[in-house]
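Q: Below: one structure in structure tokens.
What follows is calculated from the coordinates using simple rules that are stated; it is not laboratory data. Every value quoted in this text rests on a predicted model; they were computed, and no experiment measured them. Cβ coordinates were reconstructed from backbone atoms using ideal geometry, including for glycine residues, and neighbour counts include every protein chain displayed.
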Amino acid sequence: MNYNTMRTATKYFAFFLTVCLMLTLKVEAQRTGEAGHGMREVGKEERQERIKALKVAYITRELSLTEREAQVFWPVYNRHSDVREQKQKAIMQSRAGGSGNGVQSYSGESVKMLDEYFRLRQEELEAERQYYQAIREVLPEPKVALLLQAEHRFHREVLASLKAGSQNAPQARPINPGRPMPPRN
């Protein structure tokens, strides 16, 4: 096989894989939606694994990764994804800390929480910088730029899909039945 044939075959395979995964998600969403639960019935971990599989197929297709590039790229990407997830969890935990009443006093506790938050954000930024340098070593420059765009587009599509699915979910009932809920936008 020549290079162009192999590249085309890889693109078709990635596209086929993406379509199969999307159809599986759609059928599963319809099946569980008929029970009135939508995607809530599917476990959080299972949903995250499906989204990760879709993301792999999407990025592979968008970047037109060769087999050699994919073998070097995905381990770097997966390591960074784990680091990014850990950093984001730490940031969320730092934001959730405190007195718990939603209003922070101007005490040393508030200042410490803000310092910790900014320290964690700085660590996150440094991890992103290291990731960027590592990706530049394994992918050509044009594909690095495409990667950032592909990740952004994928996240937008997932959010749009989740938003569309949530419109079919049952609406919450008002806390005070005497006062109507404000309309949702």
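Q: Greater than 24 Å separation of Cα atoms is the criterion. Which listed pairs, Lys55/Lys163; Lys89/Lys143; Lys52/Lys163, meet it?
A: Working: Lys55/Lys163 18 Å; Lys89/Lys143 29 Å; Lys52/Lys163 18 Å.
Beyond 24 Å between Cα atoms: Lys89/Lys143.
Q: Identify all aspartates and glutamates with a Cα-Cα distance to Lys87 below 14 Å; exclude those on the same chain that are fewer than 8 residues away in sequence.
A: Excluding near neighbours in sequence, the set is Glu116, Glu123, Glu124, Glu126, Glu128.
Q: Based on the Cβ-Cβ distance of Ser64 and Leu162, what FRET efficiency does E = 1/(1 + (r/R0)^6) give at R0 = 30 Å, to the nearest 0.05? List each step's numbers first, then the result.
A: Working: r = 27 Å, r/R0 = 0.91.
Working from the Cβ atoms, E equals 0.65.
Q: Hey, another quick one. What is the extension gain from Glu126 to Lys52, computed as 0.36 nm multiplied by their sequence separation minus the C-alpha to C-alpha distance, in nm to one decimal?
A: Working: separation 74, 0.36 × 74 = 26.64 nm, distance 2.37 nm.
Result: 24.3 nm gained on full extension.
Q: So, one more: Within the set of other residues whose C-beta is less than 10 Å from the C-beta of Val83, count the net charge using Lys and Arg as +1 and Asp and Glu as -1. Mind dumping the intermediate values first?
A: On the way: positive: Arg79, Arg84, Lys87; negative: Asp82, Glu85, Glu123, Glu124, Glu128.
Around Val83, the charge tally is -2.
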